[in-house]
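Worksheet: one structure, shown below.
The values are calculated or read from the model by the stated rules, or taken from the named source; none is laboratory data. None of the values given here were measured: they were computed from a predicted structure. We place every Cβ from the backbone using ideal geometry, glycine too, and count neighbours over all the protein chains shown.
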Amino acid sequence: MPQCCTLIVNADDLGWAPKRDQGILRAIDQGIVTSASILANGVTFAAAAEQVQQRRVGIGVHLNLSEGKALSGYIHGLTDSGGSFPGKERARTIFRHAAFDPASALRELKAQVEAVLQQGLIPDHVDYHQHMGIFPSILPMVVEVCRTYGIGAARLACPAEAQKHDPDGALGEELQLYRRFGSSMLEPLRHAGLHCPAGLWGMTLLNRLDTTTLPSLLAEIPAGCWELMVHPGDEDPGIPFCGPERRREQEALTCTEVREIIRTRDIRLITFGDLHAYSHLLP
């Protein structure tokens, strides 16, 4: 009997900004999004948490040590004196060199999970803002957080697409980083008893997922258990990462053609919380 294809469609960055949240919720209500990860230190975190409680959708904690302000305050080597994170590029340099106080960083990650729990949400997974979980200095903290709070699944931030699809330029360079470190995540996550999909689709299509590229991607996904990372939203001029590409992605996730491909290919749309039922498909 042939193996089936199961797919978690996870929208990142819930709680980032009002129109991002609006687009994510629409992609849940009218599209194929089955899961969303929420930023506990996001500007609209509390409102987003309240809105998502009214929906049948898997919820994860989008662990964040790179942008915004820490909930727990100053972290030596990572934040400024006011508790603000340094941004993606500087944070990655710090993570690579393990040049920060791990105890304080772990305290922050726990504070983010506790903030989500205090909103009445029960997370079924964790993932990582800007894929910080790939770094060896961060991954043990991710495992500790999951153990502490009984979270049973985590993202495997390793590109599922073949390397030949990597674009040129800055994104291509980032993908090389994800390929180098992401594949090393699997063994520690498995050893900790965490469920994770076999890989992450959509990494090569950052800002380019639309009604043309998404159907092509869905046609390519093989049998197994996978995650598709998406970033839908509504356009919000002046807000970072809220440009027209977010609207195009939302339109793709809610279009009739995409739902038809899901149906004809018999792709089972699931959440991270469902992974235990598909353990035979997991790596």
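Evaluating Asp266 against the criteria (1) closer than 19 Å to Gly23 by Cβ; (2) surrounded by fewer than 17 Cβ atoms within 10 Å (Cβ to Cβ); (3) of a type in the set (Asp, Glu) leaves one unmet condition, (1). Of the candidates Leu186, Leu228, the single residue that is part of a strand (DSSP E or B) and closer than 25 Å to Ile151 by Cα is Leu228. Residue selection: Ala162 satisfies the criterion of being hydrophobic (A, V, I, L, M, F, W, C) and either over 18 Å from the mean Cα position of the chain (by Cα) or loosely packed, with under 13 Cβ neighbours inside 10 Å (or both). Would you mind telling me which numbered condition in (1) assigned to a loop (DSSP other than H, G, I, E, B); (2) at pLDDT 95 or above; (3) more than 23 Å from Glu227 (Cβ to Cβ) Pro123 fails? Status for Pro123: all satisfied but (3).
Could you list, in sequence order, the residues of segment 131-181 that are assigned to a loop (DSSP other than H, G, I, E, B) and free of Cβ contacts under 8 Å to residues at least 60 places away in the same chain?
Answer for segment 131-181, where residues must be assigned to a loop (DSSP other than H, G, I, E, B) and free of Cβ contacts under 8 Å to residues at least 60 places away in the same chain: Phe135, Pro136, Ser137, Gly150, Ala157, Cys158, Glu161, Ala162, Asp166, Pro167, Asp168.
Criterion applied to Ser104, Ser183, Ser137 was being in contact with a His (Cβ under 7 Å, 6 or more places away or on another chain) and hydroxyl-bearing (Ser, Thr, Tyr), and the one residue passing it is Ser104.
Residues in segment 182-217 that are surrounded by fewer than 20 Cβ atoms within 10 Å (Cβ to Cβ) and either of a type outside the set (Asp, Glu) or touching a helix residue (DSSP H, G or I) at 6+ places or on another chain (Cβ under 8 Å) (or both): 18 in all.
Only one of (1) free of Cβ contacts under 8 Å to residues at least 60 places away in the same chain; (2) touching a Leu at 6+ places or on another chain (Cβ under 7 Å); (3) surrounded by fewer than 19 Cβ atoms within 10 Å (Cβ to Cβ); (4) of a type outside the set (Ser, Thr, Tyr) is not met by Glu245, so which one is it? So the condition that Glu245 fails would be (2).
Yes or no: Phe95 touching an Asp or Glu at 6+ places or on another chain (Cβ under 7 Å) and of a type in the set (Phe, Trp, Tyr)? Reasoning before the result, please.
Values: touching an Asp or Glu at 6+ places or on another chain (Cβ under 7 Å): no; of a type in the set (Phe, Trp, Tyr): yes.
No; evaluated as a whole, the condition is false for this residue.
Annotation note: Cβ proximity below 7 Å between a residue of segment 260-275 that is modelled with pLDDT of 95 or more and a residue that is among the polar types (S, T, N, Q) and not in a strand (DSSP E or B) (sequence gap 6+ or interchain) occurs for Leu269/Thr34; Ile270/Thr34; Thr271/Thr34. Taking the condition among the β-branched types (Val, Ile, Thr) and either free of Cβ contacts under 8 Å to residues at least 12 places away in the same chain or in a helix (DSSP H, G or I) (or both), does Ile239 pass? So Ile239 does not fit the description; no. Those helices (runs of 4 or more DSSP H) of segment 12-110 in which at least 1 residues are touching a strand residue (DSSP E or B) at 6+ places or on another chain (Cβ under 8 Å) and crowded, with 24+ Cβ neighbours inside 10 Å, considering only elements entirely within it, cover 18-30, 45-52. Taken together, the residues in segment 14-58 that are under 14 Å from Met229 (Cα atoms) and without any contact (Cβ under 8 Å) to a residue 60 or more places away in the chain amount to 3.
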